[in-house]
Amino acid sequence: MKKSASCQVSRILCAVDFSELSNIALKYAAVGASAYGARLTVCHAECFELPPYFTRSQMEELSREATDMRHGAEAFLRQHTQNVLGRLAKEIPLTYSVTETHPVDGILAVARHQRADVIVLGTHGRGGAKRLWLGSVAENVVRHADVPVFVARQKQHEFIDPAHPKSAPGLRTILCPVSMNESGRSTLRIAVSIAGRFRARLVVMRVVEPGDRQTLAGVQAALRSWVGDTVKISRSTEMITCEGRVAEEIVALADQARADLVVLGAQPRHSLTTWLWGGTTDLLLRHAPAPVLVVPCRKRPERPPARPA
């Protein structure tokens, strides 16, 4: 089998809502754009709805005011980005997009229009009834995006100052849990590419779930062979197998290894129970001690050939 660690990233989209978590996401997006030589588009999407009981004249007046505010929104977004990133904002290609729609719809629409290779955004890690009623922009973007989604958060072992321009996140250890199938190969190649760009240690992980008759030694041997058939193994690559519930073991190892990023292949839902209580992807988005890059299992449509100049 052909080994490949290629991962082309030329366009990154970062969605911001001006919160501290979105500032952290913006820092990660800028660091990624710098590492890959990619263009970064900073996007803000927000829905402005007029109350149904307003009179026609009130609606017209508020619509005019909203239009005036939109004209200044991009300038504010530009200034906010420069304040958060400092000098790094001058070192990478930057574009800006402001759209008036629901954040999930707006982010996905801009990502499609820009042909983004990855989407970066923050998460508040909501759980329980609050999440069920309010929903999560990050989780809904992950569900519907056809490109990898980088969900940023504060790492438990290293504080990132969202207000300080010189406080930049680093990626020294990357954890990549895999299922040994074709989707897992795509996920692993992306993890290898990121590890190479950041000269990071890569930990490839395989979890043996309760009831599986395979021995850990057998799974370890199979994992080593599968990884070797997929990518070129470097000295900084480790392979670990463990037994337990997948999400719990990933969270535990991410904490133990002081992982700076978890690269995970998305797991499709199969039932209403999974929707209510969360699958592996959802649980990691809420409980991982580091950012999570979710790689979709569906194939992204190929880009059309460039038009001749």
So which residues in region 227-257 are in contact with a strand residue (DSSP E or B) (Cβ under 6 Å, 6 or more places away or on another chain), surrounded by fewer than 19 Cβ atoms within 10 Å (Cβ to Cβ) and charged (D, E, K, R)?
GLU238, GLU243
Are there helices (runs of 4 or more DSSP H) fully within region 160-260 with at least 1 residues that are without any contact (Cβ under 8 Å) to a residue 60 or more places away in the chain and of a type in the set (Asp, Glu)? List them.
182-198, 246-256
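Every residue, every condition in (1) in contact with a strand residue (DSSP E or B) (Cβ under 8 Å, 6 or more places away or on another chain); (2) over 28 Å from GLN156 (Cβ atoms); (3) of a type in the set (Asp, Glu); (4) at pLDDT 95 or above, yes or no:
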| residue | (1), (2), (3), (4) |
| --- | --- |
| ALA15 | yes, no, no, yes |
| THR41 | yes, yes, no, yes |
| PHE54 | no, yes, no, no |
| GLU74 | yes, yes, yes, no |
| VAL84 | no, no, no, yes |
| THR95 | yes, yes, no, yes |
| THR99 | yes, yes, no, no |
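The values are calculated or read from the model by the stated rules, or taken from the named source; none is laboratory data. Everything quoted here is computed from the prediction, not taken from an experiment. Please note: Cβ atoms are built from the backbone with ideal geometry, for glycine as well, and neighbour counts cover all protein chains shown.
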